[in-house]
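Remarks on the structure that follows.
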Amino acid sequence: MITFGGNPINILGNKTEIGKKAVDFTAVKQDLTPFKFSDLPKDKIKVISVAPSIDTSTCSLQTIFFNQEASKLKDDVELITITVDLPFAQKRYCAAEGIENLTVVSDYQLHDFGMKYGFLIDGLKLLTRGVVVIDQNDDIQYVEYVSEVAHEPNYDAALEKIQSLI
């Protein structure tokens with residue numbers, strides 16, 4: 001069960017499961033052009049950091065953490081943060097916080113990621129918090145749906161999985 005502010009929420013879409021193939025999705029880049037998961041380098045591990053809104057303290061901490069890790073892992077890992085914030089807000093946030101080691105994209109337009117990966121919060125149309133790690137063969141190797149949306153993900157577990165795939 002996932003809660004938001006202690007209240008149970010319903011998550012829409014297809015639940016992401018370890019061992020399944022990652023599916024392609026389309027989001028929106030900060031310059032309003034399409035972002036396609038399938039355009040990412042095939043020879044890299046892909047990490048998707050999922051957050052509701054980049055303008056909240058927990059989402060900001062999560063993005064800053066993965067931005068720092070991305071600078072250490074950039075040769076082997078492609079790191080993406082996805083929220084439903086408008087690309088303009090994402091661009092402003094990234095400039096203000098020095099987020100330049102990962103790609104920040106928006107699922108606001110189609111909720112394509114949210115539905116295909118099972119992260120869309122019913123009613124709110126925000127993404128629930130989590131992390132998905134995908135290997136070089138596009139097999140899902142790690143999934144975390146954070147049980148309380150206001151809490152940070154288990155960074156250690158995600159990093160441990162990433163390191164085991166490098």
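Values quoted throughout were computed directly from the atomic coordinates according to the rules given, and no laboratory measurement underlies them. These numbers were taken from a predicted model, which means no experiment stands behind them. When we count neighbours, we look across all protein chains shown, and the Cβ atoms used for this are built from the backbone with ideal geometry, even at glycine.
Which is farthest toward the positive dipole end of the range 1-102 among PHE37, LEU86, GLY98, measuring Cα position about the Cα centre, with Cβ charges +1 (Lys, Arg) and -1 (Asp, Glu)? Going by the Cα projections, it comes out as PHE37. With 23 Å as the limit, the listed pairs LYS46/LYS72; LYS44/LYS125; LYS72/LYS161 have LYS44/LYS125 beyond it between alpha carbons. Computed from the alpha carbon atoms alone, the convex hull of the chain holds 100 Å³ per residue. Which percent, to the nearest 5, of DSSP beta bridges fully inside the range 1-130 are antiparallel? Rounded to the nearest five, the antiparallel share is 50 percent.
Quick one: length gained pulling THR56 to ALA89 fully straight, 0.36 nm per residue minus the C-alpha distance? Numbers along the way, then the final one.
Working: separation 33, 0.36 × 33 = 11.88 nm, distance 1.19 nm.
Computed gain between THR56 and ALA89 is 10.7 nm.
Computed from the C-beta positions of ASP39 and ASN137, the FRET efficiency with R₀ = 22 Å rounds to 0.85. Taking 0.36 nm per residue of sequence separation and removing the Cα-Cα distance, the LEU124/ASP76 pair yields an extension gain of 13.8 nm.
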